[in-house]
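The values are calculated or read from the model by the stated rules, or taken from the named source; none is laboratory data. Since this is a predicted model, take the numbers as computed values, not measurements. Virtual Cβ from ideal backbone geometry, glycine too; neighbours counted across all protein chains shown. For the accessible areas, the whole protein counts, side chains as well, though only heavy atoms, and no ligand, DNA or RNA atoms are used. Shrake-Rupley method; radii C 1.70, N 1.55, O 1.52, S 1.80 Å.
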Amino acid sequence: MDRRLRRRWASTPAWRAAALGLVASGLAVVNVAAQTPRSSVEAERADYVAWLTTAATSPLAAVAQQPIGAGLRLGPADAEVPLDGVPEQRVTQNGAAILLAGPGGSRALPRGLPVRLGGYTVTADGPPGRAVLTVFGPHPPGKHPQHYDLQPAVAFVGPLLPAATRGTVRVLGADGIEVDAAEAGSVLVPIGSARVRLLVRRLPTAGGEESELEIFFRDATNGRGTYPAGRFVALVPERDGRYRLDFNRARNPFCAYSSAYPCPAPWRGNVIPGPVEAGERYADAAGAAR
């Protein structure tokens, strides 16, 4: 259930809005789409808040995230990941397999699936050889997500322009795990008086079973109402071969909720010169609602 909710937030269902793409100077421009139903966005936000505030693997409950490397030791005070009340455990990876060994024997850690360990929950994910262990403790009250009011003018539909170069690049996903992202292309978005080209990459989801088109972007609200490092937003396929980009669904990386997660570096060129006052806010940013 946790993974499905994360995936739903990262790649919400395709909507049926239809709008004409414009072409200018030989480049396809993403055009303003028909309004997304308010109830759809509000329901999605409610689901995400429910997941954040109740799930055992919510980023609000994260206490540590470490590369497994040649092996991780958990439990004792001198371990790489100290865990109160947990006897010594060792996590190792052998190709695609990840194992957890302790006094009770050895067991597999299926990628992306939660496993209980005493009073904690652990998950293992990431490509073979570069797997990462995330540890979650008791759920703290934490900071709940806050959002801007819905802005219909920042929902767009249009084509995905071909990538200038093919191949993959290693990036941190929203959950702080390094993945090999494929260069998917770009979109041109009219923001204010400017047309901004945003790079799109295809990132594997938790467990590596699926992938999503993602845009990690910065804008003039970073540190002034939104998370300083930037935000993610999904590019969602429409049924007619075009794509929907809705900044009302922009969301923070998990490092906004817990210092256990490393923060992704801004993607070069994905900077919107003006403010995008839509999507998720950040409680600790200047000017954010409290």
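Below is a table of values for the structure above.
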{"quantity": "Filter pass, Ile177 being touching a residue at least 40 places away in the same chain (Cβ under 8 Å) and either open to solvent by less than 10 Å² (accessible area, probe 1.4 Å) or under 26 Å from Asp149 (Cα atoms) (or both)", "calculated": "no"}
{"quantity": "Filter pass, Ala163 being outside any strand (DSSP E or B) and in contact with a Ser or Thr (Cβ under 8 Å, 6 or more places away or on another chain)", "calculated": "yes"}
{"quantity": "Restricting the stretch 133-154 to residues that are over 19 Å from the mean Cα position of the chain (by Cα) and among the small types (Gly, Ala, Ser), the residue that is most open to solvent (accessible area, probe 1.4 Å)", "calculated": "Ala153"}
{"quantity": "Count of the stretch 67-108 residues which are in contact (Cβ under 8 Å) with a residue 12 or more places away in the chain, charged (D, E, K, R) and open to solvent by 70 Å² or more (accessible area, probe 1.4 Å)", "calculated": "4"}
{"quantity": "Verdict on Arg268 being open to solvent by 10 Å² or more (accessible area, probe 1.4 Å), within 20 Å of Val157 (Cβ to Cβ) and either modelled with pLDDT of 95 or more or not in a strand (DSSP E or B) (or both)", "calculated": "no"}
